[in-house]
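Following: one structure in structure tokens, then a few remarks.
The values are calculated or read from the model by the stated rules, or taken from the named source; none is laboratory data. Quick caveat, the model's predicted, so the values are computed rather than measured. Here the Cβ positions follow ideal geometry from the backbone for every residue, glycine too, while neighbour counts run over all protein chains shown. The area values use the complete protein model at the heavy-atom level, side chains included, leaving out ligands, DNA and RNA. Shrake-Rupley method; radii C 1.70, N 1.55, O 1.52, S 1.80 Å.
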Amino acid sequence: MVKLKDEKVHNLFLRDLIHKDSDFIPIIADGDDESLHNLEIPEALPILPLRNTVLFPGVVIPITVGRQKSLKLIQEVYRGKKLLGTVAQKDFKLDDPATGDLFGVGTVAEVLKLLEMPDGTTTVIIQGRKRFRIREFVSEEPYFMAKVEAMTDVVPETNNEFSAVVGSLKDLSIKIAQYTSNIPPEASFAVKNIENSTFLINYICSNTDIEVKEKQLLLEIDNLLERGMQAIGFLVKEVQMLELKRDIQSKVKTDMDKQQREYMLHQQMKTIQDELGGNPVEKEIRDLKEKGRTKKWSEETGKYFEKEVDKLSRLNPAAGEYSVQFSYCQTLLELPWNEYTEDNFDLEFARHVLDEDHFGLEKVKERILEHLAVLKLKNDLKSPILCLYGPPGVGKTSLGKSISRALGRKYIRMSLGGLHDESEIRGHRKTYIGAMPGRIIQNIKKAKSSNPVFVLDEIDKVSKQFHGDPESALLEVLDPEQNGEFHDNYVDVDYDLSRVMFIATANTLSTIAPPLRDRLEMIEVSGYLVEEKIEIAIRHLIPRQLDNHGLKAEQLQLTREALSYIIERYTRESGVRELDKKLARIARRIARKVAFEEQYNPLIAIADLKEYLGIEEFSREQYQGNEFPGVVTGLAWTAAGGEILFVESSLSKGKGSLTLTGNLGDVMKESAMLALEYLKSHATELNINPVLFSEYNVHLHVPEGAIPKDGPSAGVTMVTALASAFTRRKVKKNIAMTGEITLRGKVLPVGGIKEKILAAKRAGIMEIILSEDNRRHLEEINQEYLEGLNFIYVKTIMEVLGAALTDEVSGTLELPDKKEKAD
């Protein structure tokens, strides 16, 4: 007799088993132990295949019947002797198993209850009675029938070993029930109260969480001691696994913080996305690999990219590092590795484009055409690193765009003004938050070409601070021997910049570091002449302003005289930027008249400029005659172009002091002292009484004192003014001069000759005195600008004075008498 110690517990389990339609816990029903073993089994039994379970003798389990064969079998057995044979399937996935798909050993079962469930299914509650072995199948329709033979359990005598096995099974089962949350506490209570060792072993074997084939192995063991030992082995493995899980869970924080919550939400989203048709993260990685196979990068770069993508695939999409790694892989893909635009080697077209976009600038145009010619003959020429330097507004930056159009290359402009951090050039390492490539690589990525025309604007305005030295970072970029392997900290792979045509622009070379200046091919872009500005206005500025203001050509016309007047009286610059603003102002006034349908004269002359531009902003320097000795016209260079200046000298009785006024720089003051000392040492040759130098104070003045002036080129002008003042000889009419002097009386060459000559011509000067060494500079000037001018080339100060001073004397200098001196 198999009994539970507590009858209430037994009834509770039995009641739950019969009345609940949820999952059931198999239990052992009361029964007679002898009746189970002495049960007479018919020669042939109907066979019920079982899925995912094995029935053991004495154990009660519920079975949901779904197959028509099985349903017919249950109904007939339930109406008859209520005995049938249960055999487990080898493969639970089979809906219609054949005889070969069943194990050979099963258990005779008695149908206890047949239940029709609310959802229309049929559930049968069966109890295992005795094991059997199938001898042969006698029929398969309408259900399986087989001849069977009974199998008897070998129950050992009660001894210490068997008791230990039974006790171990109880302890292990109770421990598993405690570790597993989905097993109700009643199960462990039932195990504790089972007294019969045979049914305890069968009960535990039936409920152990092991594979069906392993349960079948236990069922086929005849000896209960061996069956128990084998069951202990399975239970020990399960306990070890549960303890390991418990240890892992105990180490994990139980409270779900924000990151865990987001992770769970992401996992749920991933599941939903999988259901809707695929994981977008996996699709992103596939797309990266497919795009990588189409890139033209080197084999080494390709392997590096694949490694980075593999690293990305191993990261959790919810982690912050994933987005960083994805952005990095995306950047590598977007760079134009070995992708080049085809250069246009039509030299005539290139010349036409350069001439069309810019007037003048012949040196720059010739250098570009030379580069194109060599590139046409030798296709692998490294691009030059040009530096266009000159005053603002002369077209240095726009020239880069014209070069790109002439070559057929992409155009990039990068302003370096105020750049103070070298990471702007080299980029940040990708380990930093918010890291990105340097501006060089970023612009290459935007251009989608590895051989663009790259304009580095305002390279002279790069600043050096504690953040780093950007000029030093530019050394690698602008060195043709190094930039073939440019290393950006973010990309972390060498990138070839050797075919990029870098063009730097600067206003002055003095602020560019010598190592950087050494890598640049310097091309001076000097200021425009008035004549050149007029041509630029006619060809480019006026048509652009007409287009910008919606005007037609016949609605606004300016005479060349009016343009010249605007340039001289309303602007003062080397370039044409201010001129463009003045023309825009005129265009706005005309547009207003057109919009209001007012009557006006579309041809604007000098007389009309006051109406459109207001009063004159600057006065043009004009030659002022030679009525007074000691006044000489000189030539000066400014950032706005050439100008004439007047050096005035006067003598007053005194002790021979020298006074200099007019906001003069140190170099200019030294030139004045040199001039005076030269006259003192050569007084006899110039017919000057040496006593005059100690009896008269000398005052030298250069007008427009608010404007700082400096430089050595006024040396000849000062010495001529002082010589005229002491000799009282007048200076020739319509003559100007420029040149540096030495204490030995030499005249040295100076710069800015082109601008100075044009300034003299605008002022009405007819003759110009220059150093002999400046003769070669006239060859670079268009001959039409030199018409009407006479040039006098000199080597010494005496030649200057001989050419500049006339024989006409205006008054004399009185010497103090001896009596006055004695007093």
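Other residues within the sphere of radius under 11 Å centred on the Cβ of Leu225, judged by their own Cβ, net out at -4 (K and R +1, D and E -1).
How high is the relative contact order of the chain, in percent, with contacts defined as C-alpha pairs under 8 Å that are six or more residues apart?
Relative CO of the chain lands at 7 percent.
Write down the Kirkwood hydrodynamic radius of segment 567-621, to one decimal in angstroms, obtained as one divided by the mean of 1/r over all alpha carbon pairs. Kirkwood radius, segment 567-621: 12.3 Å. First check a/c for segment 180-250, with a ≥ b ≥ c the square roots of the eigenvalues of its C-alpha gyration tensor; if it is under 1.5, answer rounded, and if not, answer prolate when a/b is larger than b/c or oblate otherwise. It is oblate, given that a/c is not under 1.5 and a/b is not larger than b/c.
Around the Cα centre of segment 74-139, unit charges on the Cβ atoms of Lys, Arg, Asp and Glu (plus for the first two, minus for the last two) sum to a dipole of about 540 debye.
For chymotrypsin sites (Phe, Trp or Tyr not before Pro), the sites in segment 411-471 that DSSP calls loop and that have at most 15 other Cβ atoms within 10 Å are Tyr432, Phe466. Legend: Rg and Dmax of segment 706-768, from Cα coordinates, 12.7, 34 Å. For Ile126, the residues whose amide H sits under 5 Å from its own are Ile61, Ile63, Leu112, ignoring neighbours fewer than 5 places away on the same chain, with H placed 1.01 Å from N.
Which percent of the accessible heavy-atom area of the chain goes to carbon and sulfur, probe 1.4 angstrom?
With neighbouring chains kept in place, the figure for the chain is 49 percent.
Computed about its Cα centre, the charge dipole of segment 298-457 is approximately 280 debye, with only Lys, Arg, Asp and Glu carrying charge at their Cβ.
Considering only alpha-carbon pairs that sit under 8 angstrom and 6 or more positions apart, the relative contact order computed for segment 52-202 is 22 percent. For the peptides 346-353, 184-191, the ranking by packing is 184-191, 346-353, with the highest mean count of neighbouring Cβ atoms within 10 Å listed first.
In terms of its C-alpha gyration tensor, segment 335-402 has a prolate overall shape, because the principal axis ratio a/c (a ≥ b ≥ c, square roots of the eigenvalues) is not below 1.5 and a/b outweighs b/c.
Accessible area per residue, 1.4 Å probe, Å², for the chain: what's the number?
On the way: 42140 Å² over 823 residues.
With all protein chains present, the chain gives 51 Å² per residue.
At the residue level, Glu136 shows approximately 90 square angstrom of accessible surface with a 1.4 angstrom probe and all protein chains present. Modelled label positions at Ile272 and Glu611, each set 7 Å beyond Cα in the direction of Cβ, lie 7.2 nm from each other.
Calculate log10 I(q)/I(0) of segment 425-567 for q = 0.10, 0.13, 0.22 Å⁻¹, where I(q) comes from the Debye formula with a single equal point scatterer on each Cα and nothing for solvent. Evaluating at q = 0.10, 0.13, 0.22 Å⁻¹ gives log10 I(q)/I(0) of -0.55, -0.76, -1.35. Using 18 Å as the Cα-Cα cut-off, could you pick out the over-long pairs in Lys270/Lys291; Lys296/Lys445; Lys410/Lys448? Violating the 18 Å Cα-Cα cut-off are Lys270/Lys291. Every helix of 4 or more DSSP H residues in the chain counts as -39500 (n - 2.57), and over all residues that averages to -12500 deg cm²/dmol at 222 nm.
Is segment 360-515 best put as rounded, prolate or oblate by its Cα gyration tensor, with a ≥ b ≥ c the root eigenvalues, rounded for a/c under 1.5, and otherwise prolate when a/b is larger than b/c, oblate when not? Since a/c reaches 1.5 but b/c is at least a/b, the shape of segment 360-515 is classed as oblate. Candidate values [x] 113, 29, 23; [y] 54, 31, 24; [z] 41, 34, 26 were compared with semi-axes √(5λ) of the Cα gyration tensor in Å computed on the shown model; the agreeing label is [x]. For segment 438-574, the relative contact order is 24 percent, taking Cα pairs closer than 8 Å that sit 6 or more residues apart in sequence and dividing their mean separation by the residue count. Ordered by solvent-accessible area of protein heavy atoms (1.4 Å probe), largest first, the residues Glu670, Glu214 come out as Glu670, Glu214. Here segment 658-787 is treated as a sphere whose radius is the Kirkwood value from Cα pairs; by Stokes-Einstein at 20 °C and 1.002 mPa s it diffuses with a coefficient of 135 µm²/s.
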